[in-house]
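Enquirer: Supplied in structure tokens, the structure appears directly below.
The values are calculated or read from the model by the stated rules, or taken from the named source; none is laboratory data. Since the model is a prediction, treat every value here as computed from it, not as a measurement. Quick reminder, even Gly has a Cβ in these numbers, built from the backbone with ideal geometry, and neighbours come from all protein chains shown. Accessible surface is based on the protein model in full, side chains and every heavy atom, while ligands, DNA and RNA are left aside. Shrake-Rupley method; radii C 1.70, N 1.55, O 1.52, S 1.80 Å.
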Amino acid sequence: WQEGHTAHASHEDADKMVMEALDLYRRVYEELLAIPVIPGYKTEKEKFAGGHRTTTVEAYIPVSGRAIQGATSHDLGQNFGKMFDINYQDEKGETQIAWQTSWGLTTRTIGVMVMVHGDDTGLVLPPRVAPLQAVIIPIVSKTCPLENLSDYCEDILKNLEEKGIRSKLDDRSIYNPGWKYAHWEQKGVPIRIEVGPRDLEKKQARLVVRFGGEKIDVDVSSIADTISTKLEEIQSNMFTKAKEFRDSHLVKVTDWKDFVPNLELHNLVLTPWCGGEHTDWEEWVKEKSREESLQNAGLEGEDARAATSVAAKTLCIPFTQPELEEGMKCIASGLEAKCWVLWGRSY
């Protein structure tokens with residue numbers, strides 16, 4: 001859990017801090033967790049209560065087709081400063097109200113990572129954040145006891161650790177190799193290194209990649225370099241896969257009749273919008289999408305307090321905006337559109 005609060009002498013400095021914090025959170029998701037996010041502004045309805053403006057990074061969960069707010073960074077303006085008398089003396093000795101910011105990233109990131117990358121076998125961890133990046137498993141048997149493989153495996157472990165690769169030798173004698181395979185797959189360790197009598201004979205080892213299941217035999221003399229390169233490749237491939245899937249479920253809709261059907265397809269929906277200040281039309285979309293979704297499912301009489309959340313909500317007004325054609329109308333109000341807004345079913 002990480003949280004920050006700052007006070008500034010100018011709105012310009014405060015806004016710069018807000019954007020720096022948000023970009024840091026974007027980098028945590030994209031560069032560490034291999035999760036693509038969409039940065040943008042929250043609407044007036046969805047912003048932090050009492051704040052001037054809220055920025056956000058929004059992620060997409062493939063298995064459910066729902067969005068999730070990844071992290072937020074708030075421009076609080078001077079509202080709380082005025083309310084609680086938070087002031088400072090400027091260079092002229094005059095009392096001024098501070099411009100404040102607030103930003104945070106929580107343990108929710110772990111849940112998002114699990115849901116985006118995990119599979120039916122268990123966790124799939126991006127290498128940059130995996131506590132263990134590689135685990136060595138000796139393939140022992142009655143004809144090849146651990147003693148035959150121990151020194152060889154210890155040498156591999158030493159080479160990996162000298163390369164800065166977070167590694168472990170699983171030499172527990174109470175479990176067989178198959179059990180260990182399943183155990184470390186469930187924990188999401190990026191690379192499994194299998195070492196058996198044939199590997200010892202050939203001076204090699206077999207690498208099994210958790211993400212995608214690739215299996216490759218590598219020369220033990222270059223194993224540390226090979227794994228180091230492979231870990232970066234895995235990191236990149238995990239991000240690419242998540243982004244391609246997310247992008248395939250990101251659609252533009254300009255007519256209301258296409259809005260709910262796209263929600264049903266687990267899509268995030270970009271629509272022309274009359275502006276983030278129109279909370280009334282935002283509420284209309286929420287209620288109308290819920291009503292149509294329940295009707296399509298034959299659950300018209302479902303109590304709002306008991307029904308699964310099928311209503312759409314605004315996720316953000318993305319910083320990166322598609323071209324807005326002249327005369328384009330808001331999907332809900334029919335008023336002239338001022339921007340594109342991103343909708344989805346959300347956690």
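Enquirer: Once you place label points 7 Å from the Cα toward the Cβ at TYR347 and MET328, how far apart are they in nm?
Expert: For the pair TYR347/MET328, the computed spacing is 3.0 nm.
Enquirer: Of the accessible area of the stretch 223-308, with the probe set at 1.4 angstrom, what percent is carbon plus sulfur?
Expert: For the stretch 223-308, the apolar C and S fraction of the accessible surface comes to 49 percent.
Enquirer: Restricting things to alpha carbons, find the Rg to Rh ratio for the chain using the Kirkwood radius for Rh.
Expert: Rg divided by Rh gives 1.11.
Enquirer: Full-extension gain between VAL251 and LYS203, please, as 0.36 nm times their residue separation minus the C-alpha to C-alpha distance.
Expert: Going from the current span to full extension adds 12.1 nm.
Enquirer: Helix 108-117 versus the longest principal axis of the chain: what is the Cα-based angle in degrees, 0 to 90, to the nearest 10?
Expert: 60
Enquirer: Heavy atoms only, probe 1.4 Å: what % of the accessible area of the stretch 56-123 goes to carbon and sulfur, would you let me know?
Expert: Here it works out to 50 percent.
Enquirer: Further question on the same structure: Express the accessible area of the chain per residue in Å², computed with a 1.4 Å probe while the remaining protein chains stay in the model.
Expert: 51
Enquirer: Semi-axes of the equivalent ellipsoid for the stretch 190-298, please: Cα gyration tensor eigenvalues, times 5, square-rooted, ordered largest first, whole Å.
Expert: Result for the stretch 190-298: semi-axes of 52, 15, 9 Å.
Enquirer: For the residue pair THR279 and ASP120, what label-to-label distance in nm results when each label sits 7 Å from Cα along the Cα-to-beta-carbon direction?
Expert: 4.6
Enquirer: Further, regarding this structure: Taking the radius of gyration and the Kirkwood hydrodynamic radius from Cα positions alone, what is the Rg/Rh ratio for the stretch 247-333, to two decimal places?
Expert: Taking Rh as the inverse mean 1/r over Cα pairs, Rg/Rh reads 0.97.
Enquirer: Specify the angular offset, from 0 to 90 degrees and rounded to the nearest 10, of the alpha carbon long axis of helix 223-248 from the longest principal axis of the alpha carbons in the chain.
Expert: 30
Enquirer: Under a 5 Å amide H to amide H cut-off, with H placed in plane at 1.01 Å, what residues pair with GLY70 once short-range neighbours are removed?
Expert: For GLY70, the qualifying residues are VAL57, GLU58, ALA59.
Enquirer: Using only the alpha-carbon atoms, what does the stretch 74-213 span along each of its principal axes? Please give whole angstrom values in decreasing order.
Expert: For the stretch 74-213, the Cα extents along the three principal axes come out at 84, 34, 25 Å.
Enquirer: For a paramagnetic label modelled at 7 Å from the Cα of ASP90 toward its Cβ, which residues of the stretch 3-20 fall within the zone defined by backbone nitrogen distances under 12 Å?
Expert: 9-11
Enquirer: So how much slack lies between TRP179 and LEU265, counting 0.36 nm per residue of separation and subtracting their Cα-Cα distance, in nm?
Expert: 27.1 nm
Enquirer: If you don't mind, another one. If N is the number of residues in the stretch 1-76, what value comes out of its Cα radius of gyration divided by 2.2 N^0.38 Å?
Expert: My calculation over the Cα atoms of the stretch 1-76 gives 1.15.
Enquirer: Related question: Grab the beta carbon distance between TRP1 and ARG128, set R0 = 25 Å, and tell me the FRET efficiency rounded to 0.05.
Expert: The formula returns an efficiency of 0.80 here.
Enquirer: Under a plain spin-label model, where a point goes 7 Å from the Cα along Cα-to-Cβ, how far apart in nm are ARG172 and GLU300?
Expert: The modelled label-to-label distance comes out at 5.7 nm.
Enquirer: Here is a follow-up. Cα axis of helix 146-162 to longest principal axis of the chain: angle in degrees, 0 to 90, nearest 10?
Expert: 40
Enquirer: Further question on the same structure: For the stretch 202-337, compute the number of Lys pairs whose alpha carbons are separated by less than 20 Å, excluding pairs fewer than 8 positions apart on the same chain.
Expert: For the stretch 202-337, the number of qualifying lysine pairs is 21.
Enquirer: Oh, and also: Whenever you get a sec, compute what percent of the accessible area on the stretch 154-200 sits on carbon and sulfur atoms (1.4 Å probe).
Expert: Of the solvent-accessible surface of the stretch 154-200, carbon and sulfur hold 45 percent.
Enquirer: Enumerate cysteines in the chain without a disulfide-compatible partner, where compatibility requires another Cys Cβ under 4.7 angstrom.
Expert: Taking the Cβ cut-off of 4.7 Å, the unpaired cysteines of the chain are CYS144, CYS153, CYS316, CYS339.
Enquirer: Using alpha carbons only, how many angstrom separate the centre of the stretch 143-159 from the centre of the stretch 19-79?
Expert: Value for the Cα centre distance between the two parts: 48 Å.
Enquirer: Nothing charged except the Cβ atoms of Lys and Arg (+1) and of Asp and Glu (-1): what's the magnitude of the dipole of the chain about its Cα centre? Round to the nearest 20 debye.
Expert: 960
Enquirer: Could you give log10 I(q)/I(0) at q = 0.11, 0.18 Å⁻¹ for the stretch 1-141, computed by the Debye formula over C-alpha point scatterers of equal weight, without solvent?
Expert: Cα-only, vacuum Debye calculation for the stretch 1-141: -0.52, -1.00.
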